[in-house]
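Each reported figure results from applying straightforward, stated rules to the coordinates on display, with no laboratory input. The structure presented is a predicted model; accordingly, all values stated were derived computationally and were not measured. Virtual Cβ from ideal backbone geometry, glycine too; neighbours counted across all protein chains shown.
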Amino acid sequence: MGGAPLTVAKALEIAKENQNGQVPGNVSTLLERKIGDIWRKIQAQPNIYVMSREEFSVFTYYRARYDNNRVAQDAVARFWSNFEGETSANGPASSPKATPTSRA
């Protein structure tokens, strides 16, 4: 397959379109690697890590995997607590607040 490399956003789009069918292997591989990376970051800083918007999108796609996990629930709550919506129709894209201790 030629063209641009597969991005996380594109992989999520493809995966969501194929939920009732077979998700292409390269899409599954990329998303599984990303969710693993995100979960390791959360576990390394379970009380302070704040997911980026992209990380939250991946995490949400895999939400059923973490339904009964308190650390995961806290990470989602922290994302929303730090989320800044658009300030106006022409404002910047929504993103979590940056905090110096929130990144691994």
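Here are a few things to note about the model shown:
- Whole-Hz Karplus values for segment 4-10 come out as 5, x, 6, 8, 4, 4, 5 Hz, taken residue by residue from phi with 6.51 cos²θ - 1.76 cosθ + 1.60 and θ = phi - 60°; glycine and proline positions read x.
- Listed values for segment 59-68 are Karplus-derived 3J(HN,Hα) couplings in whole Hz (6.51 cos²θ - 1.76 cosθ + 1.60, θ = phi - 60°), namely 4, 5, 4, 9, 4, 4, 5, 10, 3, 9, and x replaces Gly and Pro.
- Positive-end extreme of charge dipole, segment 2-50 - chosen from Leu12, Gln45, Asn26 (charges on Cβ): Gln45
- Within segment 8-85: Cβ-based charge dipole about Cα centre, in debye rounded to nearest 20 (Lys, Arg +1; Asp, Glu -1): 160
- Reported to the nearest whole Å, the Cα centre-to-centre distance from segment 1-47 to segment 48-62 is 12.
- Around the amide H of Glu84, modelled in the peptide plane, lie the amide H atoms of Ser95, Lys97, all under 5 Å away and 5 or more residues distant in sequence or on another chain.
- Gain on full extension, evaluated as 0.36 nm per residue between Glu13 and Glu84 minus their Cα-Cα distance, stands at 23.2 nm.
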